[in-house]
Each structure stands twice: as C-alpha cells, then as structure tokens.
1. What residues have an amide H closer than 5 Å to that of Val122, excluding those fewer than 5 places away on the same chain, when H is modeled at 1.01 Å from N in the peptide plane?
2. Tabulate in residue order the Karplus-calculated ³J(HN,Hα) for the range 62-74, using 6.51 cos²θ - 1.76 cosθ + 1.60 with θ = phi - 60°, rounded to whole Hz; enter x for Gly and Pro.
3. What is the distance in Å between the Cα centres of the range 1-55 and the range 60-95?
4. Kindly report, to the nearest 10 Å², the accessible surface of Glu90 as traced by a 1.4 Å probe over protein heavy atoms only.
5. What are the radius of gyration and Dmax of the range 1-116, computed over its Cα atoms and given in Å?
6. If you take the square roots of the eigenvalues of the alpha-carbon gyration tensor of the range 75-166 and sort them as a ≥ b ≥ c, do you get rounded (a/c under 1.5), prolate (a/b over b/c) or oblate?
7. For the range 26-74, count all C-alpha to C-alpha pairs, find those more than 14 Å apart, and express that count as a whole percent of the total.
8. Sort Glu114, Glu78 from largest to smallest accessible area, using a 1.4 Å probe on the heavy atoms of the protein chains.
Amino acid sequence: MSTTQSERLRGLLEPLVAARDLDLEEIEVTPAGKRRVLRIVVDSDEGVQLDECAELSREASVVLDDTDVMGGAPYTLEVTSPGADRPLTELRHYRRALGRLIKAQLTEAAGSGELIARITGVDDDGLDLEVPGVKGRKPTARRVSFDEIAKARVELEFSRKPEKPETAGKRDAQPEEKIDENDEYDENKEEA
C-alpha cells in the first residue's frame, strides 16, 4: 500500500473509529488472488465487541464507496480487533495488558536477552514486572523502562493459576437438586 493511499485511508477512517471511542491500530491492504483485502484493526480499553466491528464495517463501506481511495479493483473489507498475542508498541497496549504475562526482547542497554514477566504496573516511563521464580523460588519484582524494550508481546496462558487458590472451583450456581434414582416418574404427582 502506498504512503499516499495509507494516509488517505487513515484520514477517512480515523473519524469513524474515533466516533465510537475506539483506537485505529492498523490499516493493511494485502493482495488475495484477484481481489485485495482491506483490514482495519481497532481496539479500546474495554475491548471490541463483534457488533461494533459490524457497525463500523457498514459505515466504513459507505465512506469508502463514496471515494476512489481503493481504486477500481475489487476488495474485501474486514474490521477486526487485534489478536491476543499482538505486539505491544504503544503505551495504551501495555496498559491494556496489565496483569498479563509478556515476552520482551531487551535492548543491549538493558543487558539484551529475553524476559518473560507479568505486568504489575504501567506508567509513562516504563513497566513494573513480576518475574516468575525458577525451580520453586519466589517471583521477583523488576522495573523496565520503555527504552530498554526492543519488542514485546503478550504471552498466551492456557493454564494460568487462579489468583486466590481458596476460591478455585467454587461456583455461584444454585445447589443441585438431589434425585432419588429409585423414584419413578408419576404423571399424577402434583408439584408442590
């Protein structure tokens, strides 16, 4: 996608996205056979609902059809939210990842290497992290400034331990009704 097309698309789409209190994270045009795919990635602090994506897609389609920004070739429009493991590049991305596990590639100034840790705090200068303990050791706290991070992304956790072990497995459901296996169904029984 040319810079001019990218700027024109951003100029058309950003007001639509902002009107819904969303952030325009990315605009991408990629070839897909004889067509192209225009992917608009949006996000917010509360996340993005499917209905919001659908409504934004309809609005964007109308605006795009009224201009020549996509040219004459056919294209498919997709409005989506970022994936769970997307790169963290902006302060707002780190704030939205508070409490999540991240993998960060550190710069040489920070000692290079890779760091896997949970974000416990975010401010304008950097991150407060909890680095998991190794081989039964306790986790340790660490402060990393943004200029020490070359790149970072959220790590997906499939078996995260609950915050409070004493509440794990408890449900807010009603107690189950006990059924006597020896009872037979009787149509003539009246309900109490």
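The values are calculated or read from the model by the stated rules, or taken from the named source; none is laboratory data. Because the structure is predicted, anything quoted here is derived from the model rather than measured. Note: accessible area is taken over every heavy atom of the protein model, side chains too, but ligands, DNA and RNA are not part of it. Shrake-Rupley method; radii C 1.70, N 1.55, O 1.52, S 1.80 Å.
1. Distant-sequence amide H within range of Val122: Asp128.
2. Residue by residue, the range 62-74 yields 4, 5, 5, 5, 7, 10, 10, 4, 8, x, x, 6, x Hz.
3. The distance from the Cα centre of the range 1-55 to that of the range 60-95 comes to 2 Å.
4. Around 80 Å² of this residue is reachable by solvent.
5. Cα-based Rg and Dmax for the range 1-116 come out at 16.7, 52 Å.
6. Cα axes put the range 75-166 in the oblate bin.
7. The answer is 61 percent, as a whole percent.
8. Ranked list, largest accessible area first: Glu114, Glu78.
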